[in-house]
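Working notes, structure below.
The values are calculated or read from the model by the stated rules, or taken from the named source; none is laboratory data. Note that the structure is predicted; figures quoted are calculated from it, not measured. Counting neighbours? That spans all protein chains shown, and the Cβs are built from the backbone with ideal geometry, glycine included.
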Amino acid sequence: GNSVTQMEGPVTLSEEAFLTINCTYTATGYPSLFWYVQYPGEGLQLLLKATKADDKGSNKGFEATYRKETTSFHLEKGSVQVSDSAVYFCALSDPNRDDKIIFGKGTRLHILP
Amino acid sequence: NAGVTQTPKFQVLKTGQSMTLQCAQDMNHNSMYWYRQDPGMGLRLIYYSASEGTTDKGEVPNGYNVSRLNKREFSLRLESAAPSQTSVYFCASSSLTARNTIYFGEGSWLTVV
């Protein structure tokens with residue numbers, strides 16, 4: 001079945017450091033891929049998405065590229081801020097598989113000032 | 001912009017009591033979901049509804065029932081609450097026309113004592 005695997009956390013970085021959070025997926029067909037962010041005490045909100053191979057999603061300085069050859073959708077940001085501290089979830093939906101949305105377990109990110 | 005609205009936001013129950021979490025969305029989405037989120041466990045799907053009148057079990061359905069009352073509303077019922085059901089519950093909805101971007105409610109914090 002479909003699945004999403006993302007790197008274990010927590011990830012702790014200093015402000016202005018480069019961020020990578022790895023995400024790989026298993027799916028039949030051509031899923032859409034997402035990154036969601038959850039700030040403390042809040043629900044999840046969409047950060048970015050990509051719907052086909054080689055698409056790059058971007059938002060708030062974050063980027064992720066849909067790599068079908070490596071089945072990956074790694075999240076990157078060139079210079080993180082304290083306000084980026086949150087839990088990040090990678091997710092996929094596969095229209096060929098009843099389009100349920102599958103989430104990874106989440107990666108907690110701490111940014112130190 | 002209501003989006004996904006869930007109630008109540010906070011609830012304390014005694015073991016064995018019953019309660020219903022209500023959820024409504026105003027985005028005309030076909031699919032609706034109930035997740036629970038426990039510390040360090042990420043999101044776990046309880047039940048899923050692909051359309052009005054249909055529901056499917058997710059990863060952790062035991063102890064819960066759901067009703068897809070109409071296209072807008074999807075309720076989650078705990079018939080006999082147990083301490084293991086202490087968690088944060090999130091309702092969500094999505095639509096193929098939005099390439100399955102999933103939108104979340106703000107969460108319901110449930111404590112069973």
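Per-structure values
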| quantity | calculated |
| --- | --- |
| Segment B:56-73 - residue that is in a loop (DSSP other than H, G, I, E, B) and within 14 Å of chain A (Cβ to nearest Cβ) and, of those, modelled with the highest pLDDT | B:P61 |
| Residue within segment B:86-98 that is closer than 22 Å to A:V87 by Cβ, buried (at least 18 other Cβ atoms within 10 Å of the Cβ), of a type outside the set (K, R) and modelled with pLDDT under 90 present | yes |
| Strands (runs of 3 or more DSSP E) enclosed by segment A:12-113 - at least 3 residues per element that are in contact (Cβ under 8 Å) with a residue 12 or more places away in the chain and hydroxyl-bearing (S, T, Y) | A:23-26 |
| Qualifying residues in segment A:72-111 (those that are more than 24 Å from B:Y35 (Cβ to Cβ) and either within 12 Å of chain B (Cβ to nearest Cβ) or of a type in the set (V, I, T) (or both)) - the one surrounded by the fewest Cβ atoms within 10 Å (Cβ to Cβ) | A:V82 |
| Test: residue in segment B:18-26 that is among the acidic types (D, E), within 25 Å of A:Y39 (Cβ to Cβ) and within 14 Å of another protein chain (Cβ to nearest Cβ) | no |
| Boolean, B:L76 is in contact with a helix residue (DSSP H, G or I) (Cβ under 8 Å, 6 or more places away or on another chain), hydrophobic (A, V, I, L, M, F, W, C), touching a residue at least 24 places away in the same chain (Cβ under 8 Å) and more than 9 Å from chain A (Cβ to nearest Cβ) | no |
